[in-house]
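Accompanying notes for the structure given below.
The values are calculated or read from the model by the stated rules, or taken from the named source; none is laboratory data. Note that this is a predicted model, so its numbers are computed, not measured. So basically every Cβ, Gly included, is an ideal-geometry build from the backbone, and we count neighbours across all protein chains shown. To get the accessible areas, we keep the full protein, side chains included, count just its heavy atoms, and leave off ligands, DNA and RNA. Shrake-Rupley method; radii C 1.70, N 1.55, O 1.52, S 1.80 Å.
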Amino acid sequence: KENRNMGWNLNQFARLNGSLLVGFPHDITGITVPWLYVGMIFSSFCWHNEDHFFYSISYNHTGGAKTWYGVPGSNADQFEQVMRQSFPDVFLAHPDLHYQVHIVVSIRFTGTVQLILRRL
């Protein structure tokens, strides 16, 4: 209970002074309420845009370093093209698929699109 209101408590992070979300009255899962993802060796995560295009925080608690790949905002259109070329039928049924966490594509595949990937 003594740590409940500490600034480092991720449950309080969005409510700290200076946060743009401090005045927002509702909880939003993944934005004002933190999510926990558990991974292990050889695990991966889907390509996606962050919720509402916000930044994200990632903390590797234990184990070896993880490798992130990102696409610069200036390449967002090209990235979407690659996704649509990879899964045309799925995108017809779900045009907003790249805003959800459902897409896994090898970083080696870019089709005919010039795409910049950054290893972070």
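Looking at region 40-78 only, could you name the residues that are more than 20 Å from residue 117 (Cβ to Cβ) and either outside any helix (DSSP H, G or I) or in contact (Cβ under 8 Å) with a residue 60 or more places away in the chain (or both)?
So the first thing to find is which residues in region 40-78 are more than 20 Å from residue 117 (Cβ to Cβ), and the list is 40-41, 51-52, 54, 57, 59-64.
Hits for region 40-78 are 40, 41, 54, 57, 59, 60, 61, 62, 63, 64.
Could you tell me whether residue 109 is at pLDDT 80 or above, open to solvent by 50 Å² or more (accessible area, probe 1.4 Å) and assigned to a loop (DSSP other than H, G, I, E, B)?
Working: at pLDDT 80 or above: no; open to solvent by 50 Å² or more (accessible area, probe 1.4 Å): yes; assigned to a loop (DSSP other than H, G, I, E, B): yes.
No; evaluated as a whole, the condition is false for this residue.
For region 21-39, give me each residue that is touching a Phe, Trp or Tyr at 6+ places or on another chain (Cβ under 8 Å) and outside any loop (DSSP other than H, G, I, E, B).
29 - this is the single residue of region 21-39 that is touching a Phe, Trp or Tyr at 6+ places or on another chain (Cβ under 8 Å) and outside any loop (DSSP other than H, G, I, E, B).
In region 40-58, which residues are open to solvent by less than 100 Å² (accessible area, probe 1.4 Å) and more than 18 Å from residue 105 (Cβ to Cβ)? Reasoning before the result, please.
To start, the set of residues in region 40-58 that are open to solvent by less than 100 Å² (accessible area, probe 1.4 Å) comprises 43-51, 54, 56, 58.
Within region 40-58, 51, 54, 56, 58 qualify.
Can you tell which of 101, 90 is modelled with pLDDT of 80 or more, surrounded by 11 or more Cβ atoms within 10 Å (Cβ to Cβ) and of a type in the set (A, V, I, L, M)? I'd like the intermediate steps shown before the answer.
On the way: 101 fails: modelled with pLDDT of 80 or more.
Only one candidate qualifies: 90.
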